Amino acid sequence: MKPLSFVVVMLALPVDLLAQATIEGDLYLLTRGGEIRQGAANEVALIERRPLIAERWGAICEAQAAVRVEADNRSSTQMIDSINQLPPNQRGPALQEAIVRNEARMEALMAEVRQKRDERFAFLRSLAIRQAPTGMQAHYRMEAPPGDYWLFAVMMLGDVPNIWLHPVTLTGATPLTVDLDNTNVEPTGAGRLNCDRPFPILE
């Protein structure tokens with residue numbers, strides 16, 4: 001009866017305790033000036049590749065965009081109408097004042113864009129089944145059940161976020177080494193994590 005009891009205990013264990021795969025790598029970028037910037041004191045998240053994530057991402061983007069588009073259209077129309085109603089000799093100063101107000105509005109808009117971007121990134125991190133710090137050596141390491149995942153990381157260079165959403169498959173057979181670097185970073189300004197592009201589902 002002892003062998004049978006052992007089998008029953010093993011079957012009762014959670015799946016992620018029965019099979020674990022290891023993934024590790026470095027986080028860094030080579031700048032145009034030839035300087036290597038390491039992603040020290042950062043974090044890498046491991047997210048399961050599920051279609052449901054794309055649906056939730058789309059809902060977040062729609063909610064964030066709806067109010068902004070309506071406000072922008074109303075503000076621009078009102079500004080043009082008010083200037084056109086002025087006598088010709090007053091339109092120049094009014095236009096200069098409108099430019100100053102528009103610059104202030106653009107600064108506020110950019111702050112809002114950054115805030116919403118951070119909210120979307122926080123949503124992705126909340127889905128992670130594992131998160132690993134890179135430490136001072138810019139190296140991450142984690143274990144997870146075999147399966148299909150994204151490696152997600154954000155590394156700031158000045159005010160510019162450099163983003164990774166790199167697909168990986170863990171098999172558990174051998175440790176997997178994946179560096180997050182220039183070869184798999186999202187294109188700046190045109191990455192898949194902008195709301196003007198659909199979220200990747202399964203690649």
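We did not get these values from a lab; they are worked out from the coordinates using the rules stated. Owing to the predicted nature of the structure, the values given are computational and were not obtained by experimental measurement. Ideal geometry is used to build each Cβ from the backbone, glycine not excepted, and the neighbour counts take in all protein chains shown.
Given the Cα-Cα distance of Arg125 and Ile99 and 0.36 nm per residue of separation, how much length would full extension add, in nm?
Values: separation 26, 0.36 × 26 = 9.36 nm, distance 3.88 nm.
Gain in length upon complete extension: 5.5 nm.
Just to check I understand the Karplus step: with θ = phi - 60° and J = 6.51 cos²θ - 1.76 cosθ + 1.60, what whole-Hz values come out for the stretch 27-42, glycine and proline as x?
Each residue of the stretch 27-42 in turn: 10, 6, 9, 9, 6, 5, x, x, 8, 8, 9, 8, x, 6, 6, 10 Hz.
If I stretch the segment between Thr183 and Ala54 completely, what's the gain in nm (0.36 nm per residue apart, minus their alpha carbon distance), one decimal? Write out the running numbers ahead of the final one.
On the way: separation 129, 0.36 × 129 = 46.44 nm, distance 2.39 nm.
The Thr183-Ala54 span can extend by a further 44.0 nm.
Applying the Karplus parametrisation 6.51 cos²θ - 1.76 cosθ + 1.60 with θ = phi - 60° to the phi angles of the stretch 129-137, what ³J(HN,Hα) value in whole Hz is obtained for each residue in order, glycine and proline being reported as x?
8, 9, 9, 10, x, 8, x, 6, 8
Going highest first, how would you order 27-35, 162-170, 54-62, 133-141 by mean Cβ packing within 10 Å?
In decreasing order of mean packing, 27-35, 162-170, 54-62, 133-141 become 162-170, 133-141, 54-62, 27-35.
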